[in-house]
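Comments concern the structure below.
The values are calculated or read from the model by the stated rules, or taken from the named source; none is laboratory data. Since the structure is predicted, the reported quantities are computational estimates derived from the model, not experimental observations. No Cβ is skipped: glycine too gets one built from the backbone with ideal geometry, and neighbour counts run over all protein chains shown.
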There are 2 protein chains.
Amino acid sequence: MNTPAENTGNPAAHAPGMPVIAVIGDGQLARMMQTEAIELGCSIRVLAGAPDSSAAQVCADVLIGDYTDIGDLRRAVDGADAVTFDHEHVPNEHLDALIAEGVNVQPQPSALIFAQDKLVMRKRLGEIGAPVPRFAAIDSVEDAAVFFDEVDGAVCLKARRGGYDGNGVWFPDSREGLGTLVEKLLSEGVPLMAEEKLSFTRELSAMVARTPSGEVRPWPVVESVQSGGICVEAIAPAPGMSDEQRERAEKLSVSVAEALGVTGVLAVELFEVDGEIFVNELAMRPHNTGHWTQEGSVTSQFEQHLRAVLDFPLGSTETLAPVTVMANVLGADKEPEMSVTGRCVEVWRRFPEAKIHLYGKGYRPGRKLGHVNVVGSDVEQTRKTAAAAAHFLMHGEWDDNYLNKKEH
Amino acid sequence: MNTPAENTGNPAAHAPGMPVIAVIGDGQLARMMQTEAIELGCSIRVLAGAPDSSAAQVCADVLIGDYTDIGDLRRAVDGADAVTFDHEHVPNEHLDALIAEGVNVQPQPSALIFAQDKLVMRKRLGEIGAPVPRFAAIDSVEDAAVFFDEVDGAVCLKARRGGYDGNGVWFPDSREGLGTLVEKLLSEGVPLMAEEKLSFTRELSAMVARTPSGEVRPWPVVESVQSGGICVEAIAPAPGMSDEQRERAEKLSVSVAEALGVTGVLAVELFEVDGEIFVNELAMRPHNTGHWTQEGSVTSQFEQHLRAVLDFPLGSTETLAPVTVMANVLGADKEPEMSVTGRCVEVWRRFPEAKIHLYGKGYRPGRKLGHVNVVGSDVEQTRKTAAAAAHFLMHGEWDDNYLNKKEH
């Protein structure tokens, strides 16, 4: 296999006079940053784990390496105007070292820590008065027992670090179950925290971008529909919120971005409980609940992220349609017999308005393979279209009687 | 300089199960096809003249070669699901040879000839009843004299092949001037035609996409504002047209695409004369007057072109805003002292809604360096914003007293 620019960098990939952004990570978020970099005339150098990874497939300057290796990181950031990430897993000590060497890392480890350690995040958000569920550090079975009683057994136990998409989160249903789990995890060296399990009405996501100079622009708050801990759908803007509620959520995202010194895009995942909101998680990068911005907003989260980390002025976050719905395309248990192009064709034939985004990944159960965006004017109709399109891409069959209707 | 995949191809660039499109040509049209290919999950192999050309900068599978060399073409199209172009200059005999070898070339030479030879195009359009200016083949000074009299001296002389952006077009102001010019050009071996120089009110562009299977979708007709033979602005949809006029222009573009067997995107450039329309030129590829679709249409011309040449169903061409204006960024006589990033920053600071697209090219007078798209609701305001943004990107200064106002 011929790998372009392996371990060397490719100067021809970078337009004269325009900034180079080093992106650490090779997933779909880095891939979609490249889409926007092309149009901005900027360029990206990707530090990728493999030459056929989602982002490496589509970039002209790819370095194959390990993001936990300071040498590989140094090669990737050499000559870049800014360095950013498509995940939160680069060791902060490496980032501190790069910063000490004069590298422009955005967001900085001083902000990233709040997206990496859930206990540190909860404490800090509590300090700035952001609404958070009750929480506690869990360093022993006793801590767990005390907290269990405090919240009347409504406990959500979390690994402080490394969880994603429902991993690293547990809902023990008894005091004893909690104790056994805590003992096991602590013995495995997993740092833990617990928080009150809220009976939420739904999940929301408030996204915002902030520049190193301090400019901040939020997008409208969206509803995030989850299944098994994974976002399956985002509805923008979130239906059924009063102007006051919207404004409160947007202001919260702005104040979190400012208080934590976030640069680039920040996603503030929220629980809605009886019209009140509580912060669930933070992500300091483009986020699944922001994919709708590619079609539904003047400035997509990927363009905004690049502009923010370069300290350029931010773009308008106005919406382009009354509603935009994003539906994720996840690998099903069994790959459909119909080819992926065959599935795209069927979806487009039925829905010329469906915008299919695919990440260049092989099919695997549960894997995020792509998403579908649909802009529209009616929330339920737009949701139905996006969901039907995504379902067909996943399963190779419709979730309604469409084909039957057509055949009769 | 390290050139990725030079002369070899890069299999890692192509997602499993998804089509590969070979694009002959390395300009901004190929570059913007790559933007859409990334999101579709398809992939592009570019046959480029140089590794730092506009499209080669942003693609992971680049072959450096000469599009007039059949060997280079064969290497570029090897294994591709479809072959398309960002210009009309590939020799048709090479395309015929590739087709004979089983290569899927879209559009085909049988259609391309009408975009390559203005006389052949005029004759065919006349046959299908499309409105065209009066025209004649000019094979001698006598032919020219006869035509001069026929149109009362309102003559536009054109090279049958190879003209673009005002090149290869002449407006002689006397019978003698015409004769001298025709004699000179014929002696240089330039095949000529002449047509009536129309006193048009404005120029329009009717764009459409068609698949090999025959699906056709037009975009709304746009107004194309020209200066010195170069498109400087496009307003979508064209203001001040009745529904009947719009429909007529769209139907014309559809019928031209069908009659000529065009596949991919077709631009039908039109003259408007007292509410009537006449075909000026054809382009069988994405076109400058279609750049507005990146922000203003559900499906951009670049995505639609890829879908069309792959014979996939076409996407919705609905607009996303009441008006979208595209303004070209052309190199001025003198490059501004302010850096290109500095100019972007100033534009974005004033206009957060301005969408800047840059092509990765070095500054050169008259060169198409990029464009700005602005979506809005008021035509004049949106035009002003797009024009002001493009002007600043070209000149490094505002075309109004904005700075003065700010300073006072």
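Is at least one residue of segment B:63-75 buried (at least 20 other Cβ atoms within 10 Å of the Cβ), at pLDDT 95 or above, outside the structural domain of B:PRO286 (by TED's automatic domain parsing) and assigned to a helix (DSSP H, G or I)?
Yes; the residues of segment B:63-75 include at least one that is buried (at least 20 other Cβ atoms within 10 Å of the Cβ), at pLDDT 95 or above, outside the structural domain of B:PRO286 (by TED's automatic domain parsing) and assigned to a helix (DSSP H, G or I).
Take segment B:16-32 and flag every residue that is out of contact with any strand residue (DSSP E or B) (no Cβ under 6 Å at 6 or more places or on another chain) and either of a type in the set (Phe, Trp, Tyr) or in contact (Cβ under 8 Å) with a residue 24 or more places away in the chain (or both).
Those that are out of contact with any strand residue (DSSP E or B) (no Cβ under 6 Å at 6 or more places or on another chain) and either of a type in the set (Phe, Trp, Tyr) or in contact (Cβ under 8 Å) with a residue 24 or more places away in the chain (or both): B:MET18, B:PRO19, B:GLY27, B:GLN28, B:LEU29, B:ARG31, B:MET32.
Go through A:LEU95, A:LEU119 for me and flag whichever is buried (at least 19 other Cβ atoms within 10 Å of the Cβ), over 20 Å from A:GLN34 (Cα atoms), touching a residue at least 40 places away in the same chain (Cβ under 8 Å) and not aromatic (Phe, Trp, Tyr).
Only one candidate passes the filter, namely A:LEU119.
Could you please find all residues in segment A:343-365 being farther than 22 Å from A:ALA56 by Cβ and either in contact (Cβ under 8 Å) with a residue 24 or more places away in the chain or among the aliphatic types (A, V, I, L, M) (or both)?
Matches in segment A:343-365: A:ARG343, A:CYS344, A:VAL345, A:GLU346, A:VAL347, A:ARG350, A:PHE351, A:GLU353, A:ALA354, A:LYS355, A:PRO365.
State whether the residues of segment A:325-340 include one that is part of a strand (DSSP E or B) and polar (S, T, N, Q).
Yes, segment A:325-340 contains a residue that is part of a strand (DSSP E or B) and polar (S, T, N, Q).
So, in segment A:202-219, of the ones that are more than 24 Å from B:ARG350 (Cβ to Cβ) and touching a Gly at 6+ places or on another chain (Cβ under 8 Å), which residue ends up surrounded by the most Cβ atoms within 10 Å (Cβ to Cβ)?
Looking at the filtered set, the residue picked out is A:MET207.
Among the residues of segment A:276-310, write down those that are more than 9 Å from chain B (Cβ to nearest Cβ) and assigned to a loop (DSSP other than H, G, I, E, B).
A:MET284, A:ARG285, A:PRO286, A:HIS287, A:HIS291, A:TRP292, A:SER300
Go through (1) assigned to a loop (DSSP other than H, G, I, E, B); (2) surrounded by 22 or more Cβ atoms within 10 Å (Cβ to Cβ); (3) out of contact with any Asp or Glu (no Cβ under 8 Å at 6 or more places or on another chain) and name the single condition A:ALA238 misses.
Only one criterion is unmet by A:ALA238, namely (3).
Please find, within segment A:138-192, the residue that is nearest to A:HIS89 (Cα to Cα) out of those that are acidic (Asp, Glu) and in a loop (DSSP other than H, G, I, E, B).
So, considering only residues that are acidic (Asp, Glu) and in a loop (DSSP other than H, G, I, E, B), the one nearest to A:HIS89 (Cα to Cα) is A:ASP165.
Quick one: which residue in A:ARG45, A:ARG31, A:ARG75 is touching a Phe, Trp or Tyr at 6+ places or on another chain (Cβ under 8 Å) and either among the basic types (Lys, Arg) or more than 14 Å from chain B (Cβ to nearest Cβ) (or both)?
So the residue among A:ARG45, A:ARG31, A:ARG75 that is touching a Phe, Trp or Tyr at 6+ places or on another chain (Cβ under 8 Å) and either among the basic types (Lys, Arg) or more than 14 Å from chain B (Cβ to nearest Cβ) (or both) is A:ARG31.
Taking the condition in contact with a Leu (Cβ under 8 Å, 6 or more places away or on another chain), part of a strand (DSSP E or B) and more than 20 Å from A:HIS14 (Cα to Cα), does B:VAL372 pass?
Yes: the conditions hold for B:VAL372.
Yes or no: B:LEU112 in contact (Cβ under 8 Å) with a residue 60 or more places away in the chain and assigned to a helix (DSSP H, G or I)?
yes
Return only the number of the condition from (1) in a loop (DSSP other than H, G, I, E, B); (2) aliphatic (A, V, I, L, M); (3) within 14 Å of chain B (Cβ to nearest Cβ); (4) out of contact with any Pro (no Cβ under 7 Å at 6 or more places or on another chain) that A:ALA60 does not satisfy.
(4)
To keep it simple, each residue is scored yes or no on (1) outside the structural domain of B:GLU272 (by TED's automatic domain parsing); (2) more than 26 Å from the chain's Cα centre (by Cα).
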position	(1), (2)
B:GLU150	yes, yes
B:ARG161	yes, no
B:GLU183	yes, yes
B:GLY214	no, no
B:GLY228	no, no
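Give me a count of the residues in segment B:210-245 that are charged (D, E, K, R) and within 28 Å of B:VAL169 (Cα to Cα).
Number of matching residues: 2.
Looking at B:GLY27, B:GLY9, which one is surrounded by fewer than 22 Cβ atoms within 10 Å (Cβ to Cβ), within 19 Å of B:PHE85 (Cα to Cα) and modelled with pLDDT under 90?
When all the criteria are applied, what remains is B:GLY9.
Restricting to segment A:327-347, what's the tally of residues that are surrounded by fewer than 20 Cβ atoms within 10 Å (Cβ to Cβ) and within 15 Å of B:GLY41 (Cβ to Cβ)?
Final tally of qualifying residues: 5.
For the condition buried (at least 20 other Cβ atoms within 10 Å of the Cβ) and without any contact (Cβ under 8 Å) to a residue 40 or more places away in the chain, what is the one hit in A:LEU192, A:LEU157?
Going through A:LEU192, A:LEU157 in turn, just one is buried (at least 20 other Cβ atoms within 10 Å of the Cβ) and without any contact (Cβ under 8 Å) to a residue 40 or more places away in the chain: A:LEU157.
The rows are residues; the columns are (1) of a type outside the set (Ser, Thr, Tyr); (2) surrounded by fewer than 24 Cβ atoms within 10 Å (Cβ to Cβ).
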residue	(1), (2)
B:VAL256	yes, yes
B:ALA267	yes, no
B:MET284	yes, no
B:HIS291	yes, no
B:LEU306	yes, no
B:VAL309	yes, no
B:THR317	no, yes
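Looking at segment A:315-343 only, could you name the residues that are under 10 Å from A:GLY396 (Cα atoms) and at the interface with chain B (Cβ under 7 Å from one of its Cβ atoms)?
A:SER339, A:VAL340
Give the residue, chosen from A:GLY168, A:GLY162, that is exposed (fewer than 15 other Cβ atoms within 10 Å of the Cβ) and touching a Gly at 6+ places or on another chain (Cβ under 9 Å).
Being exposed (fewer than 15 other Cβ atoms within 10 Å of the Cβ) and touching a Gly at 6+ places or on another chain (Cβ under 9 Å) holds for just one of A:GLY168, A:GLY162, which is A:GLY162.
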